[in-house]
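The numbers here are math on the coordinates, done by the rules we state, and not lab data. Keep in mind the model is a prediction, meaning the values are calculated, not measured. Backbone-built Cβ (ideal geometry, glycine too); neighbour counts: all protein chains shown.
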Amino acid sequence: MTATAAAPGPAQVEMPKDPSRGRQIIRDILGGSVVISILAVVVGLVVGAILIAVTDPGVQAASGYFFDRPGATFAALGDSVGGAYSSLFQGAIYDFGRPDFLSGIAPLMNTLDLATPLILGGLGLALGFRIGLFNIGGQGQTLVGGAVAGWVAWSFPLPFPWGLILSIVAGIVGGAVAGGVVGLLKARTGASEVIVTIMLNYIVFYFISLLLRTPGALQAAGTINPKSPSPPDSARVPDLFGAQFSVTWMFVIAIAATVFFWWLMSRSSLGFKFRAVGENPAAARTAGIGVDSMYIWGMVLSGALVGLVGVNQVLAFTVGGFGSGFDAGIGFNAITVALLGRSRPLGVFLAGLLFGALNSGGYVMQAANDIPIDIVLVVQSIVVLFIAAPPLVRVLFGLPRPGTAPRRRAKAPKAVEAE
Amino acid sequence: MRITARRAALPVLAAIASTALLAGCSQAPSTSSTSSATQTTASNFLPCMISDSGGFNDHSFNELGYNGLVQAAKDLGVSQKSAQSKTDADYANNINAMLNQNCNLIITVGFLLADATKAAAQKNPKTDFAIIDDNSIDLPNVRPIVFDTAEAAFLGGYAAASYSKTGVVGTYGGMQIPTVTIYMDGFYDGVQYYNQQKGKNVQVVGWNEKTQKGSFTGGFDNNTAALTTAQGVLNQNVDVVMPVGGPIYQAAASAIKSSGKAVALIGVDADVYYTDSSVQNILLTSVEKGIQQATEAVIKDSAAGKFSKTPYVGTLKNDGVGIAPFHNFAGKVDPNLQSELDTIKAGIIAGSITVATPSAPKS
């Protein structure tokens, strides 16, 4: 505990001397307060409401005769925005239109299901961020983890639960190797992990696309479409609360991963070294920490967690076999989740839940109110935009600009508390 | 700094506000007209549609399917619902959202949605489903809508070979999937048929039917990869090019315009002459796939209670596929070309000319 509390100490002294401006920006983003995260979400929802109103044909028509009948405009405004956010709620939390409680709560279960990969991916990327590694390779690591898990699942059909356990382990190892390669390149050659991970995304995506249309590789036998065979039922992740809800045991694994992340970063000596390297690699090296091996292990663990996203997509989420797009953009959305959660375990978990809810509600918003799914994406993007610019939120809400000294002092105990 | 910025913003804001004021001055519609609008809903039949990740404004098969949905709903006097998918993860969720809207018929666009459609159809036997471009589901409540586009692309290949002066024609695809390569197979066969009939040796670049290998952009986005692929094909002395897959023809159009060469474009899926006026001057013809008509027909069958699981297969015979007019190129092609194409079309329908492709739909 004393070590944890003392950790920011040397960093404060070193910070002004830190030559890397990029590192400073990361630190600013991760160091923002919970209040700013919440306000960013509020601003995102408000801007979303404005966009819904502006793009709604009913509002457009009614505003044409605003002075003749102003009430009509406000009624149309209420209809479009109220209807949209009511659909968002009913699609994400509880649907009042269903006959009983069990079917009414199904949207919440769907939210948990959609949040699962975002939490896992967010934790994986957050781990990298804490070590000062900007891992943008979520897509590639997801694809490797999922493809390996799927391949093991149908190639070694063992009875339940052994087939499943073997496939999950294979997926974790796949993601860990995909991440470890990046760590190795950075540690040994000094290659920028940002560039390497982005490029590996392309390499992996096209390589898996190739395997998916090569008979005998990942392509299902007897088909000409680029799709894999379906993993056997014995290797599928079972539903958590029965077939009527979409949430699976992967959600429990996501909770376990969150606890593991907390333990690793706050209680283990490896986590202490990780954080030391993240705060200041030069100081960490002086203190006798092997920075290079921390980069390698950091990317291995980061890739392993992201590999679980692939496992979730292939063995829990997708019905039947998978195509080359099974990562579904989660590798990138997880960056958002990690940033919104300030790379803290609980923060990432809650951010994952929020984005799961936005996704789940977005489907109903689109189906029931004809609102383009883009609006939901705009809301998410605005949230990130505001989180990346804490001063903007402070100005918007007239929050006091914290002086350097009190902010530092306030930040240190909070970091301990959050962990 | 801040003050000057604010001062500068003031007139702009004033201008916006006054425009908004003027815009709000028109007359409100009388209330009687709004009530009559609601009466047009004659039946409770609700057709719904879910796009694949291309979205409904892809100038291609999603858009054609959507047009079919809108037209059928208009003709039947019913409302319709639609949802766009952004990623593969959206398919099952969008179908579920539609099921909760109590849709009677759910049309999914593209083979990517096959697994999600199959799972939903098994769970909801009382809802009708139809899936465009996939023939893998065999369930009593799922109707596949597929097209033998190789037949129409054969005509396109023949026309391209006839028009070409350099003796080289090209094609490239978005992704190497059957619904794309079936066009390229037909195109290739059409060129070979022309060579055989006329004793010429017109080359095809970008696709080889025998090895099933060729040029692909790697996706259905009009991006740099599409432009590079288009330029790669154009650099091989090609003067007719057929890009297959959604909006990637736009990359070919810009590559043609920047090269300054007289290269003609062949559109696919829709008659691109009408869907995109910017390429009218370089468009030789289009290989059409009657997705709109097929969708309309399937919706109307379902509304009339005549839904069946028998696949709808679009062919030259039932006008489910075809070749568009030459429009601006009518004076530039061989005067006998149209009659030759008509003869070939009749030959394909009668079976005297066979268009063999491994990607053909099984009916």
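From B:T315, B:T285, B:T275, which residue is surrounded by 19 or more Cβ atoms within 10 Å (Cβ to Cβ) and closer than 25 Å to B:K261 by Cβ?
Criteria check complete, one pass: B:T285.
So, of the residues in segment B:218-248 that are free of Cβ contacts under 8 Å to residues at least 40 places away in the same chain and among the hydroxyl-bearing types (S, T, Y), which turns out to be surrounded by the most Cβ atoms within 10 Å (Cβ to Cβ)?
B:T228
Of everything in segment A:293-334, what is more than 14 Å from every other protein chain (Cβ to nearest Cβ), closer than 28 Å to A:A153 by Cβ and among the β-branched types (V, I, T)? Give them in sequence order.
Hits for segment A:293-334 are A:V300, A:V306, A:V311.
Grab the helices (runs of 4 or more DSSP H) fully contained in segment A:81-141, keeping just those with 2 or more residues being within 12 Å of another protein chain (Cβ to nearest Cβ) and in contact with an Asp or Glu (Cβ under 8 Å, 6 or more places away or on another chain).
In segment A:81-141, A:101-104, A:106-130 are the helices (runs of 4 or more DSSP H) which contain 2 or more residues that are within 12 Å of another protein chain (Cβ to nearest Cβ) and in contact with an Asp or Glu (Cβ under 8 Å, 6 or more places away or on another chain).
Table: residues versus (1) under 17 Å from B:S60 (Cα atoms); (2) away from chain A (no Cβ under 14 Å); (3) under 16 Å from the mean Cα position of the chain (by Cα).
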position	(1), (2), (3)
B:N93	no, no, no
B:A116	no, no, no
B:K126	no, yes, no
B:A130	no, yes, no
B:N141	no, yes, no
B:I145	yes, yes, yes
B:L155	no, yes, no
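Looking only at residues that are farther than 23 Å from A:D95 by Cα and not in a loop (DSSP other than H, G, I, E, B) in segment B:70-91, which one is farthest from the other protein chains (Cβ to nearest Cβ)?
By that ranking, first place goes to B:D75.
Show the residue pairs that are 6+ apart or on different chains and have beta-carbon atoms under 7 Å apart, the first residue being within segment B:270-284 and closer than 23 Å to B:F147 by Cβ, the second being in a loop (DSSP other than H, G, I, E, B) and among the hydrophobic types (A, V, I, L, M, F, W, C).
Note: pairs meeting the criteria are B:D271/B:A324; B:Y273/B:A324; B:L284/B:F326.
If A:V54 satisfies all but one of (1) without any contact (Cβ under 8 Å) to a residue 24 or more places away in the chain; (2) surrounded by 16 or more Cβ atoms within 10 Å (Cβ to Cβ); (3) part of a helix (DSSP H, G or I), what's the number of the condition it fails?
Evaluating A:V54 over (1) without any contact (Cβ under 8 Å) to a residue 24 or more places away in the chain; (2) surrounded by 16 or more Cβ atoms within 10 Å (Cβ to Cβ); (3) part of a helix (DSSP H, G or I) leaves (2) as the failure.
For every residue, the table says whether it meets (1) in contact (Cβ under 8 Å) with a residue 40 or more places away in the chain; (2) in contact with a Cys (Cβ under 7 Å, 6 or more places away or on another chain); (3) closer than 22 Å to A:G145 by Cβ; (4) of a type in the set (A, V, I, L, M, F, W, C).
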residue	(1), (2), (3), (4)
A:P232	yes, no, yes, no
A:F241	yes, no, no, yes
A:S266	yes, no, no, no
A:G298	yes, no, yes, no
A:S302	yes, no, yes, no
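Please work out which one of (1) away from chain B (no Cβ under 12 Å); (2) under 18 Å from A:Q139 (Cα atoms) is the condition A:F205 fails and give its number.
Here A:F205 clears every test but (1).
Looking for whichever is closer than 29 Å to B:G347 by Cα, touching a strand residue (DSSP E or B) at 6+ places or on another chain (Cβ under 6 Å) and in contact (Cβ under 8 Å) with a residue 12 or more places away in the chain here; the options are B:E288, B:E296. Which one fits?
Answer to the selection: B:E288.
Scanning for something in contact (Cβ under 8 Å) with a residue 60 or more places away in the chain and either buried (at least 17 other Cβ atoms within 10 Å of the Cβ) or touching an Asp or Glu at 6+ places or on another chain (Cβ under 7 Å) (or both), does segment B:260-267 turn up at least one residue?
Yes, segment B:260-267 contains at least one residue that is in contact (Cβ under 8 Å) with a residue 60 or more places away in the chain and either buried (at least 17 other Cβ atoms within 10 Å of the Cβ) or touching an Asp or Glu at 6+ places or on another chain (Cβ under 7 Å) (or both).
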